[in-house]
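Worksheet: the structure to be examined is printed underneath.
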Amino acid sequence: MLVACGLLCAWPVTRAQSGDDTILEAQEAYRKKDKNRLAATRAVALASQHPLAMWVDYWDLGNRLAEVQQSDIDAFYARWSGTYVEDRLRNDWLLELGRRRDWAGFAADFPRFRMNDDREVTCYALLTVHLGGKDVTDAARAAWFAQRDSDDGCTLLSTTLFEAKVFNAADAWRKARLSIDAGRPRAARQAAALISVDAATSVQELTDNPARFLSRKAVAGGHTDAELATLALMRMATNDPDAAAGALSRRWERLLPPELASVAWATVAKQAAMNLLPDAPDYYQRAEMLGGQGQREFDWPDNGLAWKVRAALRANNGKGRWQQVMQGINAMRPDEQRDPAWVYWKARALKALAADSQDGDALRAQSREMMSSITGQLNFYGALAADSLGQALTLPSRPLPPTTEEREAAAAHRGLARAQQLIALGLRDEGVREWNYSLRGMSDRELLAAAQLACDRELWDRCINTSDRTRGEVDIAQRFPMPFRQELVSRAQEIGLDPAYVYGLIRQESRFVADARSHVGASGLMQIMPATARWTAKKIGLLYTPSLIADRDTNLKLGTGYLKLVLDNFDGSQAMAAAAYNAGPARSRKWREGPWLEPAVWAENIPFNETRDYVKKVLHNASFYAALLTGEAPSLRAFLGRMIGPRDSNSAVANLDLP
């Protein structure tokens, strides 16, 4: 067996490795599906025993996967036993075995799949268990319902179990509703096709034009007609929740069975809440009333209960409907209720309801107990809970630095070494996957040493993400590094920005990867879009050419310059400015309309999942950076700022040209 890698694995990544051009050529050949070039580069890489030869071997075999046999796969497993590429190829091979319907081969290989992180593979695995005569109903239903994109594995699983009468029509309609709610009409059609061809055709029609379907096609006949009308109302609500509410009120609420009318109203309510419409809490009440005691709120659209809580927080002109907040959280699954966000808001609801309750003391005590349960968590809501209890946040005691032996072990780790080499070659995606796989099973001390290795090599994203994994030993300075400190602090102070806020934003944007590039084209430390870079350079008088966008210093000047313009445009609100930086100023301007809200409520109601998470993390990051920069206790409240609401008529006119 060839030696996968020896001492070369521990060479510094800054030093060029003989044969690196072969690796890059192989990756290009793999991208272009050039079998001949792949075979040639594989032979060279294996003969030279290049530390990354396994990747060339993986690309070559992966490119021929439809043609190979189990013996070829077994030989690869033996060559690279225990490595990331072994398990990655196993993932690919299991998918191929599923497509071949080779269930015996699949069943033999699946137990060795260590990552086990592929939903389609999971569906194939459940199918093999079913074919072996075991009950997989609950697990299979959960996997099918969680399926986002149409794939062979989960589609075959659902079809097989439906034909075997393990799944029934109610399951198929439930899947169709989930798919319509998620904006996946193809999956909805596939689910309806289990019922009948006509049902699938109708789903296509109602997807294309729900209003026309409701006016021309939908009838108040049997159960299939009622399900189709419900899907049409759900589809309409996605585009115009008020129009769907009108259709329900005028006709469909009384024609549909109560449980389906409840689902339709819950969808309207969710879409209204996501559009920050004031009627959302009332729509949720209609859904609850129609559902009655027999309706399971888990049958509501995905995240429907979360949006019920968010809408209730905005209600009553920003004062909140705290009873509805309680109801929404109590109806969630137990695992959802343990999320720090819902622990915090339930505690807030208990405290608010205590004022008018005969059991006020008991409710306040329960509120304090719930707040206390999350104060030790290093996240947005953990910090808010500590503030609510009047407790000053303290940074965890810094653990002992990694010992010489621990650092040497990290430096000698072959997987971590390969990851560094891949990243140095510009193959960052492959390097990140190697690195993350190598962290599996590491203790806190090993993680701290691996994180420090990354910090020392200025692989800041791996430094942060690795340090974030520790549980008992937390090194805040390692989790929140401050590269380019002199340049960043000087630049921020020069234009009137808080350096902690800038650090908090960059940590979330790029993890300090200077050459980071997003899938939408944003570049550099501060992830600037090309058009935004040109506009900002002109505004701040910076000489600029497109080739400079990834230059560290130029990107920092552009990013901080733009952030300052955004912050000034939003009255100094760091929460609104962060949302604008991520989702665009026009959206942030729209989201500030409506009632005046405390910043935490405003942030929780941001309609985009990514931006909601982004704002919380930027502000939380900033509070820790402020503590590290000043030596004072972290204060999230200082970064949340004042109440958020419509722009004051006396304020300067908003800069509508801000990109």
Check region 40-50 and report whether any residue there is out of contact with any Phe, Trp or Tyr (no Cβ under 7 Å at 6 or more places or on another chain), at pLDDT 95 or above, surrounded by 15 or more Cβ atoms within 10 Å (Cβ to Cβ) and among the basic types (Lys, Arg).
yes
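Could you say which residue among 199, 170, 229, 176 is within 29 Å of residue 106 (Cβ to Cβ) and either in a helix (DSSP H, G or I) or modelled with pLDDT under 95 (or both)?
Numbers: 199 fails: within 29 Å of residue 106 (Cβ to Cβ); 170 fails: within 29 Å of residue 106 (Cβ to Cβ); 229 fails: within 29 Å of residue 106 (Cβ to Cβ).
Going through 199, 170, 229, 176 in turn, just one is within 29 Å of residue 106 (Cβ to Cβ) and either in a helix (DSSP H, G or I) or modelled with pLDDT under 95 (or both): 176.
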Which condition from (1) under 21 Å from residue 511 (Cβ atoms); (2) open to solvent by less than 50 Å² (accessible area, probe 1.4 Å) is the one that residue 557 breaks?
(2)
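If you check 437, 381, which single one turns out to be over 21 Å from residue 515 (Cβ atoms), of a type in the set (Phe, Trp, Tyr) and buried (at least 23 other Cβ atoms within 10 Å of the Cβ)? Steps first, answer last, please.
On the way: 437 fails: buried (at least 23 other Cβ atoms within 10 Å of the Cβ).
When all the criteria are applied, what remains is 381.
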With the first residue restricted to region 182-193 and required to be without any contact (Cβ under 8 Å) to a residue 60 or more places away in the chain and over 13 Å from residue 169 (Cα atoms), and the second required to be open to solvent by 60 Å² or more (accessible area, probe 1.4 Å) and of a type in the set (Ser, Thr, Tyr), Cβ contacts under 9 Å at 6 or more apart or on different chains are 189/201
Checked region 97-122 for anything touching a Ser or Thr at 6+ places or on another chain (Cβ under 8 Å) and either closer than 26 Å to residue 183 by Cβ or assigned to a helix (DSSP H, G or I) (or both); matches are 103, 106, 107, 110
Here the residues within region 81-110 that are open to solvent by 70 Å² or more (accessible area, probe 1.4 Å) and more than 25 Å from residue 414 (Cβ to Cβ) are 99, 100, 101, 104
For region 493-504, check the following and say yes or no: at least one residue is touching a residue at least 12 places away in the same chain (Cβ under 8 Å), touching a helix residue (DSSP H, G or I) at 6+ places or on another chain (Cβ under 7 Å) and of a type in the set (Ser, Thr, Tyr).
yes
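Counting only residues that are of a type in the set (Ser, Thr, Tyr) and buried (at least 23 other Cβ atoms within 10 Å of the Cβ), how many does region 138-188 have? Even if it seems obvious, please write down each step before you answer.
In the first step, residues of region 138-188 are kept if they are of a type in the set (Ser, Thr, Tyr); the result is 150, 155, 158-160, 179.
Subsequent filtering for residues that are buried (at least 23 other Cβ atoms within 10 Å of the Cβ) retains 158, 179.
Going through region 138-188 one residue at a time, the tally reaches 2.
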Looking at (1) modelled with pLDDT under 95; (2) farther than 28 Å from residue 458 by Cβ, can you tell me which one residue 14 breaks?
(2)
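Within region 164-178, identify whether any single residue is under 13 Å from residue 120 (Cα atoms) and among the β-branched types (Val, Ile, Thr), and answer yes or no.
So the first thing to find is which residues in region 164-178 are under 13 Å from residue 120 (Cα atoms), and the list is none.
No.
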Would you be able to tell me the number of residues in region 504-534 that are part of a helix (DSSP H, G or I), surrounded by 17 or more Cβ atoms within 10 Å (Cβ to Cβ) and over 21 Å from the mean Cα position of the chain (by Cα)?
3
Of (1) part of a helix (DSSP H, G or I); (2) more than 23 Å from residue 309 (Cα to Cα); (3) of a type in the set (Ser, Thr, Tyr), residue 614 satisfies all except one. Which?
(2)
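Per-residue answers, yes or no, for (1) more than 25 Å from the chain's Cα centre (by Cα); (2) open to solvent by 10 Å² or more (accessible area, probe 1.4 Å):
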residue	(1), (2)
257	yes, yes
271	no, yes
290	yes, yes
319	yes, yes
322	yes, yes
335	no, yes
344	no, no
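Within region 234-248, does at least one residue satisfy the condition of being touching a Pro at 6+ places or on another chain (Cβ under 7 Å) and open to solvent by 40 Å² or more (accessible area, probe 1.4 Å)? Talk me through it step by step, then tell me what you get.
Residues of region 234-248 touching a Pro at 6+ places or on another chain (Cβ under 7 Å): 235-236.
When the remaining residues are screened for being open to solvent by 40 Å² or more (accessible area, probe 1.4 Å), the result is 235.
Yes, some residue in region 234-248 is touching a Pro at 6+ places or on another chain (Cβ under 7 Å) and open to solvent by 40 Å² or more (accessible area, probe 1.4 Å).
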Considering only residues that are buried (at least 16 other Cβ atoms within 10 Å of the Cβ) and at pLDDT below 95, which ones fall in region 358-376?
none
What is the number of the single condition among (1) in contact (Cβ under 8 Å) with a residue 24 or more places away in the chain; (2) open to solvent by 60 Å² or more (accessible area, probe 1.4 Å); (3) under 25 Å from residue 519 (Cβ atoms) that residue 429 does not meet?
(1)
Over region 622-658, the set of residues open to solvent by less than 40 Å² (accessible area, probe 1.4 Å), under 20 Å from residue 375 (Cα atoms) and in a loop (DSSP other than H, G, I, E, B) is 634
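Return yes or no: is residue 133 farther than 25 Å from residue 176 by Cα, over 30 Å from the mean Cα position of the chain (by Cα), open to solvent by 10 Å² or more (accessible area, probe 1.4 Å) and not basic (Lys, Arg)? Even if it seems obvious, please write down each step before you answer.
Values: farther than 25 Å from residue 176 by Cα: yes; over 30 Å from the mean Cα position of the chain (by Cα): yes; open to solvent by 10 Å² or more (accessible area, probe 1.4 Å): yes; not basic (Lys, Arg): yes.
So residue 133 passes the test.
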Does residue 155 meet the test of being touching a helix residue (DSSP H, G or I) at 6+ places or on another chain (Cβ under 7 Å), assigned to a helix (DSSP H, G or I) and closer than 19 Å to residue 133 by Cβ?
no
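The values are calculated or read from the model by the stated rules, or taken from the named source; none is laboratory data. Since the structure is predicted, the reported quantities are computational estimates derived from the model, not experimental observations. Please note: Cβ atoms are built from the backbone with ideal geometry, for glycine as well, and neighbour counts cover all protein chains shown. Each accessible area value is taken on the protein alone, full model and side chains, heavy atoms only, with ligands, DNA and RNA left out. Shrake-Rupley method; radii C 1.70, N 1.55, O 1.52, S 1.80 Å.
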